[in-house]
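The values are calculated or read from the model by the stated rules, or taken from the named source; none is laboratory data. Here the structure is a predicted model, which means the values were calculated and not measured. For neighbour counting, all protein chains shown are included, and Cβ atoms are generated from backbone atoms with ideal geometry for every residue, glycine included. Accessible surface areas use protein heavy atoms only, side chains included; no ligands, DNA or RNA. Shrake-Rupley method; radii C 1.70, N 1.55, O 1.52, S 1.80 Å.
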Amino acid sequence: MKLKIAVLAGDGIGPEIMEQGVAVLSAVAERFGHEVTFREALCGAHAIDEVGEPFPEETYRACRDADAVLFASVGDPKYDGNPSAKVRPEQGLLAMRKRLGLYANIRPVETFDCLVHKSPLKDELVRGADFVCIRELTGGMYFGEKREPAVNGDGVEEAFDTNYYSRPEVERILRVGYGYARRRRRHLTVVDKANVLASSRLWRKVAQEMMGEYPDVVTDFMYVDNAAMRMIQDPRFFDVIVTENTFGDILTDEGSCITGSMGLLPSASTGSSTPVFEPIHGSWPQGKGLNIANPLAQILSVAMLFEHFNLREEGALVREAVAASLDQNIRTPEIQVEGGGRYGTKEVGEWIVNYIRREA
Ligand code: IPM
Ligand code: MN
């Protein structure tokens, strides 16, 4: 297969973990005889510094013309404490999502047995938890009509965001959710706040109309506050969660941390144009340049990329290599066992590349 990959390394630890992601992708491609070409493009704070905007037109074209985007992370502390900054790195990410029509964000929450002890939850609660959160990614408050803080006619400073959803937006993301449920344990939980929000009542209405088309899937409905609680009391309850943009943002941070291994969780965003594969953790500016960031989430994003193109063996080999590295304690410092060796971002990536070559 021929694959054109746009590489958006972004900020912070992004370039370091991306280097390992690209190396793994290349090693697998070589092993299976795929022809992969890479095209690097600017985004995030890095792009603001170089060309004045976080998602330049040229980056958009590189993404649009590629078969897939491998993305690392964006963000820089110099923008965080400044609510009046005119342009922010995160806008680059949002622009990418919107312009590529990436309405479905797939965030698997999986536990690795050897890391369960790192979870803030009790071992017996979290061990074996395995669910996918399907987050709607191009609607809701993130993109609805908004007003930045400004003084109104009555002399009061105000601001607002609008949580807008249309029926087609809700329907298409629910279909993605049902698709995943059918390939998994056939249990879909629609998370909303239908007791309060009109937009959630639309979600619930559409889901109730659609559930009859999927009699083989158990559909249940849960308010978001309850879902947040259930996730820490009984995470194994969940199989597939489908929810709106803001709720999904919050719930997936919670989900990732209960596994004890945020640095290991990849994600995929798909929609009407090129799909994007990225780790769910951020740019971790404090770790930049220190060769200590865990590259596994980036590497597992490469597995998701292969799987997206139905290259299952390729994806499986990446996952096998990652599992082997963990088993053999080839781990970055935050998950290394006491007395274990010292491995940095590079060393973990290189070990995995060698594993892939050896198994070939
Ligand atoms: C995420 C991030 C982004 C979001 C930020 C960086 C804009 O938190 O991908 O979850 O809120 O969607
Ligand atoms: Mn988030």
How many residues does the stretch 329-360 hold that are under 17 Å from GLU16 (Cα atoms) and assigned to a helix (DSSP H, G or I)? 11
Using the structure shown, decide if VAL196 is of a type outside the set (S, T, N, Q), away from ligand 1 (no atom under 16 Å from the Cβ) and free of Cβ contacts under 8 Å to residues at least 12 places away in the same chain. yes
If we keep only residues of the stretch 267-296 that are open to solvent by 10 Å² or more (accessible area, probe 1.4 Å) and within 19 Å of GLU350 (Cα to Cα), then the residue farthest from ligand 1 (Cβ to nearest atom) is ASN291
Here is a check on your reading of the model: is GLU244 under 21 Å from ILE173 (Cα atoms), within 16 Å of ligand 1 (Cβ to nearest atom), touching a Phe, Trp or Tyr at 6+ places or on another chain (Cβ under 8 Å) and open to solvent by 10 Å² or more (accessible area, probe 1.4 Å)? no
From the list GLU136, GLU171, GLU209, exactly one residue is open to solvent by 40 Å² or more (accessible area, probe 1.4 Å), closer than 27 Å to HIS308 by Cα and not assigned by TED's automatic domain parsing to the domain that holds GLN336. Which is it? GLU171
When you go through (1) touching a strand residue (DSSP E or B) at 6+ places or on another chain (Cβ under 7 Å); (2) modelled with pLDDT under 95 one by one for THR274, which number turns out not to apply? (2)
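Residues in the stretch 64-83: is at least one in contact with a strand residue (DSSP E or B) (Cβ under 9 Å, 6 or more places away or on another chain), open to solvent by less than 40 Å² (accessible area, probe 1.4 Å), in a helix (DSSP H, G or I) and touching a residue at least 12 places away in the same chain (Cβ under 8 Å)?
No, every residue in the stretch 64-83 fails to be in contact with a strand residue (DSSP E or B) (Cβ under 9 Å, 6 or more places away or on another chain), open to solvent by less than 40 Å² (accessible area, probe 1.4 Å), in a helix (DSSP H, G or I) and touching a residue at least 12 places away in the same chain (Cβ under 8 Å).
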So which of ALA72, ALA41, ALA29 ends up being under 19 Å from ILE13 (Cα atoms) and over 19 Å from the mean Cα position of the chain (by Cα)? ALA41
